[in-house]
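Worksheet: one structure, shown below.
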Amino acid sequence: MNSTVLITGSSCGIGRETAKLFAAKGFNTVINCHRSAAALSELAKELEAYGVRVLPIVRDVSDPDSVAEMFEIMSEKNMLPDVIINNAGISHIGLLQDMSFEEWNGVIGTNLSSVFNVCKCAIPHMLAAGGGRIVNISSMWGNTGASCEVAYSASKGGVNAFTKALAKELAPSRIQVNAVAFGAVDTRMNSFLSKEELDALIDEIPSGRLCTAAEAASIIYRLAFVSEYVTGQIFTADGGLT
């Protein structure tokens with residue numbers, strides 16, 4: 001029986017490329033997004049060409065009730081995940097003093113609370129299965145902090161601490177928990193940058209380029225299947241920037 005992967009925030013960018021890679025490797029694939037139902041449906045058709053089972057679920061992973069519903073659907077379809085990629089995320093650019101409470105809660109909910117919501121529902125299944133693998137998608141700004149991205153930095157710093165703590169809790173049960181702290185990836189999240197701003201950013205990166213979404217997917221896949229002894233680690237992939 002094929003293993004199953006759940007990838008949150010998989011309608012575009014890193015999540016989409018990660019779903020394509022796992023499906024190409026023979027994984028039954030559960031894809032998720034909050035609003036882009038049409039894009040998710042299009043991706044599902046693309047993934048089915050790999051001969052695997054595909055289950056698209058439109059749910060808000062920042063909402064615990066929605067995540068519980070998502071796991072009920074997966075259980076009904078016999079597609080509870082052996083591997084979880086917590087990828088859902090949003091950014092916010094601006095001064096903290098200008099940020100509303102709603103904007104703050106939106107970033108924290110999508111980037112951090114979603115990881116809690118998904119893991120809380122997944123852990124009982126993984127315990128019953130005798131193991132599992134969780135990869136959380138973080139950011140270099142969770143390591144160092146970024147001016148005008150305080151909420152985003154705080155959320156990803158929380159993901160890093162969550163990863164380290166949960167890994168210690170679950171290691172005796174053979175459930176790995178690791179994270180990838182990406183630098184600048186060529187996705188829609190960075191589309192707000194002007195050409196001049198983008199060129200200036202690339203000049204700062206020792207590797208001299210952005211990470212591609214497909215490259216990010218490859219890093220995630222490899223981390224998902226690193227030795228079981230490797231857990232609680234935050235792997236930084238930023239082209240040498242930090």
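The values are calculated or read from the model by the stated rules, or taken from the named source; none is laboratory data. Everything quoted here is computed from the prediction, not taken from an experiment. Counting neighbours? That spans all protein chains shown, and the Cβs are built from the backbone with ideal geometry, glycine included. Accessible surface areas use protein heavy atoms only, side chains included; no ligands, DNA or RNA. Shrake-Rupley method; radii C 1.70, N 1.55, O 1.52, S 1.80 Å.
Using only Cα atoms and rounding to the nearest 10 degrees, what angle (0 to 90) does helix 150-170 make with the longest principal axis of the chain? The helix 150-170 is inclined about 40 degrees to the chain.
The heavy atoms of residue 235 offer some 90 square angstrom of accessible surface to a 1.4 angstrom probe.
Largest GNM mean-square fluctuation among 20, 45, 164, using the chain with Cα springs under 10 Å: 45. Based on C-alpha pairs under 8 angstrom that are at least 6 apart in sequence, the stretch 1-116 has a relative contact order of 29 percent.
Rg and Dmax over the alpha-carbon atoms of the stretch 50-100 stand at 15.8, 50 Å.
Relative to the longest principal axis of the Cα atoms of the chain, the long axis of helix 13-24 lies at roughly 30 degrees.
Taking the 1.4 Å solvent-accessible surface of the chain as the whole, the part contributed by carbon and sulfur is 52%. Think of each Lys and Arg Cβ as +1 and each Asp and Glu Cβ as -1; about the Cα centre, that makes the dipole of the stretch 86-203 roughly 840 debye. Counting only the Cα atoms, the stretch 79-157 fills a convex hull of 82 Å³ per residue. With semi-axes defined as the square roots of five times the eigenvalues of the C-alpha gyration tensor, the equivalent ellipsoid of the stretch 1-68 measures 19, 13, 10 Å, largest first. Helix 64-76 and the longest principal axis of the C-alpha atoms of the chain enclose an angle of approximately 40°. Evaluating kT/(6 pi eta Rh) at 25 °C and 0.890 mPa s, with the Kirkwood radius of the stretch 74-216 over Cα pairs in the Stokes-Einstein relation, gives 148 µm² s⁻¹. Of interest is the spacing of the C-alpha centroids, which for the stretch 81-148 and the stretch 175-242 amounts to 16 Å. Grouping the Cα pair distances of the stretch 135-242 into 10 Å bins from zero gives a pair-distance distribution of 15, 43, 31, 10, 2 percent in increasing distance order.
Taking the Cα atoms of the chain, the ratio Rg/Rh between the radius of gyration and the Kirkwood radius comes to 0.95. Using the alpha carbons alone, the radius of gyration of the stretch 17-123 stands to its Kirkwood radius in an Rg to Rh ratio of 1.02.
The equivalent ellipsoid of the stretch 167-207 has semi-axes of 36, 12, 6 Å, largest first, where each one is the square root of 5 times an eigenvalue of the Cα gyration tensor. Dipole size of the chain about its Cα centre, with +1 on Lys/Arg Cβ and -1 on Asp/Glu Cβ: approximately 820 debye, rounded to the nearest 20. When the Cα positions of 143, 113, 170 are compared along the charge dipole of the stretch 69-187, 170 comes out farthest toward the positive end, with charges on each C-beta of Lys, Arg, Asp and Glu. A 1.4 Å probe run over the chain, with the rest of the protein chains in place, finds 47 Å² accessible per residue.
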